[in-house]
Amino acid sequence: MIATVFSAGIYGIEGYLVTVECGVSNGLPAFDIVGLPGAAVREAKERVTTAARSMGLAVPPCRKTVNLAPADRKKEGAVYDLPVFLGLMAALGQIDPLPDDCVFIGEMSLSGALRPVRGALSMAMAVRAAGKRCLFVPAENAEEASLANGPTIYAPRHTQEILDHLSGKAPMSPYVRQPETCGAPADVLDYCDVMGQENVKRAMEIAAAGGHNMLLCGTPGSGKSMMAKRIGTILPPMTPEEKLDVVRIYSVIGEGAQAARSDVRPIRAPHHTTSAAGIAGGGAGIPVPGELSLAHNGVLFLDELPEFRKDALEVLRQPMEDGTVSIVRTAGRVTYPAKFMLICAMNPCKCGWYGHPSGRCRCTPQEVRAYRRKLSGPLLDRIDIQMDVRPVPLKDLAERRPAERSAEIRARVLAARARQQARYDGTDVRCNADMRPSQMAEFCRPDAAGQALLDAAFERLGMTARSYDRVLRLARTIADLAGEARISAPHIAEAIQYRFRQGDELE
């Protein structure tokens, strides 16, 4: 006898429907799983048969074969335990045939309890696209799966609950997602803690308002990391579409439930010893997302930037332009979204004290140049704001005057983002940093004085075409914060000031 049950799988962050065909026949006892199963899938036979016996269900000695279709796609993970169990029980006549409009995913323990799986949201979206009516997922995956807004979600904690539901003995109630609360991030970190550095905080406000990349260069103790870690307190909340993308990515690494409960944009801060594969993504089998993708719709903070390996830094270049990262391994090619805001911090030299009033730096000019040349020109050209962070004056430290709170800065950022959303309505562009060339021609035309200033800067500073466009995008954000529709000379002047650091004469 053959029984069919529907399940789902993931490849990258894309889900797809899987048909699980279970057949039993006379012959020597055997249990085979075919259809390119991975190691965890092949081990399902041990979990399934032990769980069945622990639940009081008979598993007679016979030949059992399970086919996972499509058979030319590699299946990974323990997500198929539940459908294999149900299909086998149906084939053996232990339960009634399974409905065609239901999909089952979940890992089983030896007692029949259900454990969470990875990629539940992507699989739920695939179920919705296939037109299936019901999806059974482990209780821990229900919240993220419900974000698909498609099939009716059932969230059992034990396989017996599913059997009782299918037989009509104890019908389950559909899972209902709790209302979401959206607000500003918790004020554990706040810009009011930062003494002085008003010019740097202004630059960070501009970066947050337009989604611009930023580099902070300064001596130890000047507040670079302190300010960078507070960038999340002034960023706008994610839109429903942005949150859906973030949850799909985090679901692949098994953190979908936590991501589904948060409206705060992800902030990733990998250590400088992280490899290129850790930054871009990879791993054995199907490549998993790296730090670039985990920072999607959020912030990637790289502290001690020149200490990162050169190959790890160079993988940033293409995703910073395209908003995606493609990983090619022997198991196949996977493309992950990677649209992030890059915040970097670095010291001006190896010892860290170049330019400090104390004169304690002992690096030679050649050593300073060598240290800074660890960062390639094409990478720096993609960073919109490049700031020299000066040491905090003693006066600011001693007086400790009340500084502006993150909530006040965030209000201005939200107002600027609202202007951008109205401007780009009907497109997939959400902030000025993502503006396309055709949109720049429409929205980034400065007045006559602003254009003359920009033309002069292009010649004197040796700007590239990319840096020219990035200055215009930056000026557009500065104008948005000021509530002005037209870019003028003061906006261009401020944008150029942020684009070129005073320390560039050493390069």
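The values are calculated or read from the model by the stated rules, or taken from the named source; none is laboratory data. Treat the numbers as computed from the prediction; the structure is a model and nothing was measured. Cβ atoms come from the backbone with ideal geometry, glycine included; neighbour counts cover every protein chain shown. Quick note on the areas: whole protein, heavy atoms, side chains included, nothing else; ligands and nucleic acids left out. Shrake-Rupley method; radii C 1.70, N 1.55, O 1.52, S 1.80 Å.
Those residues that are more than 24 Å from residue 286 (Cβ to Cβ), touching a residue at least 60 places away in the same chain (Cβ under 8 Å) and in a loop (DSSP other than H, G, I, E, B), I need them from segment 111-150; list them, please. Across segment 111-150, the qualifying residues are 111, 112.
The set of residues from segment 113-152 being crowded, with 23+ Cβ neighbours inside 10 Å, over 24 Å from the mean Cα position of the chain (by Cα) and more than 23 Å from residue 2 (Cα to Cα) comprises 114, 151. Of all residues in segment 79-110, those being within 30 Å of residue 285 (Cα to Cα) and either crowded, with 21+ Cβ neighbours inside 10 Å or not small (Gly, Ala, Ser) (or both) number 18. On the stretch given as segment 10-62, residues that are of a type in the set (Ser, Thr, Tyr), closer than 26 Å to residue 120 by Cα and in a strand (DSSP E or B) total 3.
Of all the helices (runs of 4 or more DSSP H) wholly in segment 258-338, which have at least 1 residues that are under 25 Å from residue 469 (Cα atoms), modelled with pLDDT of 90 or more and open to solvent by less than 60 Å² (accessible area, probe 1.4 Å)? Explain how you work it out, then say what you get.
Values: elements: 276-280, 291-294, 310-314, 317-322.
The qualifying helices (runs of 4 or more DSSP H) are 291-294, 310-314, 317-322.
Among the residues in segment 450-469, are any under 24 Å from the mean Cα position of the chain (by Cα), at pLDDT below 90, open to solvent by 60 Å² or more (accessible area, probe 1.4 Å) and within 29 Å of residue 378 (Cβ to Cβ)? No, that holds for no residue.
Residues that are of a type outside the set (Gly, Ala, Ser), open to solvent by less than 30 Å² (accessible area, probe 1.4 Å) and under 17 Å from residue 458 (Cβ atoms) within segment 477-499 comprise 487, 491, 492, 496, 498, 499, listed in sequence order. Taking segment 5-33 as the range and being open to solvent by 40 Å² or more (accessible area, probe 1.4 Å) and modelled with pLDDT of 95 or more as the test, the residues that pass are 17, 21. Restricting segment 38-73 to residues that are surrounded by fewer than 17 Cβ atoms within 10 Å (Cβ to Cβ) and among the basic types (Lys, Arg) leaves a set whose member that is nearest to the chain's Cα centre (by Cα) is 73.
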